[in-house]
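J.: Got a structure here, written out as C-alpha cells. Questions coming.
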Amino acid sequence: MVYFIYLFFLGYLALSVVYLAVFAIAGRLGRADDKYQTGQQQDRKKIGVLIPAYKEDAVIVDSVRANLKQDYPADRFELIVIADSFQPHTLELLSTLPIRVIVVSFEVSTVAKAINAALAQIPDHQYDILVVSDADNHMAPDFLSRINAAFGQGWKAVQGHRVAKNTDTSVAVLDAISEEINNHIFRKGSRALGLASSIIGSGMAFDPVLMKTGMANLHTMGGYDKELEMNIVLSGNKIGYLEDAFVYDEKVAQQAVFENQRTRWIAAQWQFLKFYFRRGVTEFVNGRMSSAFKVIQALVLPRVILLGVLGLCTLLGLLGSNPILWRMPLLSLLLLIASLIIAVPGYLWKRVTMREIMLVPVLMLRFARAIFNIRKAFKSFMHTPHTSSPEKPTDPARVP
C-alpha cells in the first residue's frame with residue numbers, strides 16, 4: 001500500500017512538471033497580446049490608477065513622482081493613492097502632488113479591503129479603465145498608452161509585464177528570475193495556448209464594472225488577485241498579457257522577507273483551493289478549460305519546493321532496489337530544470353553567479369519553513385516592507 005501511495009505521489013510530481021513544461025514551451029513559441037505602435041493616434045480613455053499602500057511612507061512619494069511621468073495626456077489619467085496607516089508628514093507631502101488620496105483605516109488591513117474601499121467611492125463611469133499598481137511600482141512612461149491601446153482593441157482585463165527594478169542582492173536576483181518565469185509560463189504561455197493570462201496583483205488593468213463585480217465577496221486574506229482572476233474568467237472574459245507594457249517592481253532583498261512573503265502566498269494559494277477546488281472540477285468536467293486551469297495551476301507545487309522534493313525523491317530512490325523509484329523523479333527533475341532554463345530571459349542570466357546558485361538550497365529551506373508557518377497568514381495580513389531602491393530600473397527590452 002505504501003509503495004502505491006508513493007508511486008501516486010511521484011505521478012503527481014511528474015504531472016506538475018509536465019504542466020510547467022508544456023506552458024514553458026508554449027511561452028517560447030507563442031506571442032503575447034501587444035499590438036501597440038509608438039505614435040499611433042487613438043481615443044484616449046480616462047484611466048484611474050489605484051495604488052493601495054499600507055505603511056509605505058518610505059517609497060510612496062518617489063513612486064508617485066515617477067508614475068506621474070507618463071507620456072499619456074495628464075488630463076486623461078489620475079493617480080489614486082489609497083493610504084492606510086501613513087504618517088501625517090507623508091500625507092502632507094502627497095497633498096502637494098497632482099493626485100487623489102483616499103485615506104482608509106481597518107482593524108485588520110488587507111489590500112482587498114483598501115481597494116474595495118476606494119472602489120466604493122468611485123462611480124462606475126468616472127474612469128474607462130482602472131489600473132492597479134503597488135506602492136513601490138514605477139510604470140514605464142508608455143505603460144498607460146499601451147494599456148489604452150489594448151482596451152481600444154476590446155480587452156476588458158489585461159496584465160502588464162512586471163519586472164525587477166532592483167537586483168542588488170542574490171535574493172533579489174533569484175526573486176527577479178522567479179517573477180520572469182511566472183511571466184513566461186503563466187502569462188505568455190497561457191495566452192499562447194488560448195487561455196487567460198494570470199494576474200499578479202499590480203501592473204494590471206480592468207474595466208471598472210468588471211473589476212467591482214470581481215472584487216465582491218472575496219474569501220482569502222492575502223490572495224485577492226487570484227480570486228479576482230478566477231471571477232473574471234468565470235464571468236466569461238479572457239485576460240490578456242502585454243509583454244511590452246513594463247512595470248518595475250521592487251524584489252525582496254533579504255531571506256527573512258522572502259520567507260515572510262512566501263508564507264503569505266502559500267496561505268493564499270491554500271485558501272484559494274479551499275474555496276474554488278470543487279468549482280474547478282465542475283468547470284473541467286463541463287469543458288471550460290480557461291477557468292479549470294486556474295485551479296489546476298494552484299495545485300502545482302511552488303517550483304523551489306518541486307526542485308527540492310524531486311531531488312530528495314531521486315536520492316531516496318537510489319537507496320532502493322526498484323529503478324523506477326529513482327528514474328521517475330530524476331527524469332521529472334531534469335525536465336523541470338530544462339523548463340525553467342528556457343523560461344528565464346537572457347538579461348537575467350547575466351546576473352547569475354555561483355553565489356546565486358549556492359543560495360537556492362537555502363531558499364528551499366526557507367520556503368519549506370514558510371509552509372509550516374502559514375497559520376500566521378490566516379490570522380493577519382503579512383505585509384512585505386519596501387525601501388527606496390538605489391538601483392536604476394533596467395528595461396529588459398533594451399538590454400543587449
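J.: Test ASP75 against the stated conditions and say whether it is in a loop (DSSP other than H, G, I, E, B), without any contact (Cβ under 8 Å) to a residue 40 or more places away in the chain, of a type in the set (Asp, Glu) and over 14 Å from HIS138 (Cβ atoms).
T.: no
J.: Can you go through VAL49, VAL22, VAL17, VAL59 and tell me which one is under 25 Å from the mean Cα position of the chain (by Cα), surrounded by fewer than 16 Cβ atoms within 10 Å (Cβ to Cβ), closer than 29 Å to ILE185 by Cβ and not acidic (Asp, Glu)?
T.: Selected residue: VAL22, the only one of VAL49, VAL22, VAL17, VAL59 that is under 25 Å from the mean Cα position of the chain (by Cα), surrounded by fewer than 16 Cβ atoms within 10 Å (Cβ to Cβ), closer than 29 Å to ILE185 by Cβ and not acidic (Asp, Glu).
J.: Give just the number: which of (1) in contact with a Lys or Arg (Cβ under 8 Å, 6 or more places away or on another chain); (2) surrounded by fewer than 20 Cβ atoms within 10 Å (Cβ to Cβ); (3) within 22 Å of GLY154 (Cα to Cα) does LYS35 not satisfy?
T.: (1)
J.: While we're looking at this one, here's another question. Suppose we keep only residues that are among the β-branched types (Val, Ile, Thr) and in contact with a helix residue (DSSP H, G or I) (Cβ under 8 Å, 6 or more places away or on another chain) within the stretch 45-72. Which one would you say is nearest to HIS138 (Cα to Cα)?
T.: VAL64
J.: So, in the stretch 241-265, of the ones that are among the aliphatic types (A, V, I, L, M) and crowded, with 21+ Cβ neighbours inside 10 Å, which residue ends up modelled with the lowest pLDDT?
T.: For the stretch 241-265, the residue satisfying everything is VAL252.
J.: Now, a different point. Which residue out of ALA14, ALA118, ALA32 is within 27 Å of ASP142 (Cβ to Cβ) and not in a loop (DSSP other than H, G, I, E, B)?
T.: After ruling out the rest, the residue left standing is ALA118.
J.: What helices (runs of 4 or more DSSP H) lie completely within the stretch 186-303 and have 1 or more residues being under 23 Å from VAL108 (Cβ atoms), in contact with a His (Cβ under 7 Å, 6 or more places away or on another chain) and aromatic (Phe, Trp, Tyr)?
T.: It comes to 255-285.
J.: Right, something else. State whether the residues of the stretch 33-43 include one that is within 23 Å of the chain's Cα centre (by Cα) and closer than 28 Å to THR220 by Cα.
T.: no
J.: Quick one: which of LYS165, LYS156 is farther than 20 Å from VAL61 by Cα, of a type in the set (Lys, Arg) and in contact with a strand residue (DSSP E or B) (Cβ under 9 Å, 6 or more places away or on another chain)?
T.: None of the other options fit; the residue is LYS156.
J.: Related question: Filter the stretch 65-123 down to residues that are of a type in the set (Lys, Arg) and more than 19 Å from ILE147 (Cβ to Cβ) and give me whichever is surrounded by the most Cβ atoms within 10 Å (Cβ to Cβ).
T.: For the stretch 65-123, the residue satisfying everything is LYS113.
J.: When you check ILE115 against the structure, is it modelled with pLDDT of 95 or more and touching a Leu at 6+ places or on another chain (Cβ under 7 Å), yes or no?
T.: Considered against the rule, which asks whether it is modelled with pLDDT of 95 or more and touching a Leu at 6+ places or on another chain (Cβ under 7 Å), ILE115 comes out as yes.
J.: Among the listed residues ALA192, ALA164, ALA205, identify the single one that is in contact (Cβ under 8 Å) with a residue 24 or more places away in the chain and surrounded by fewer than 21 Cβ atoms within 10 Å (Cβ to Cβ).
T.: Result: ALA192 is the single residue among ALA192, ALA164, ALA205 that is in contact (Cβ under 8 Å) with a residue 24 or more places away in the chain and surrounded by fewer than 21 Cβ atoms within 10 Å (Cβ to Cβ).
J.: Does TYR12 satisfy the condition of being within 30 Å of GLY189 (Cβ to Cβ) and of a type in the set (Phe, Trp, Tyr)?
T.: In short, yes.
The values are calculated or read from the model by the stated rules, or taken from the named source; none is laboratory data. Being a predicted model, the structure only gives us computed values, none of them experimental. In this analysis, Cβ positions are derived from the backbone assuming ideal geometry, glycine residues included, and neighbour counts consider all displayed protein chains.
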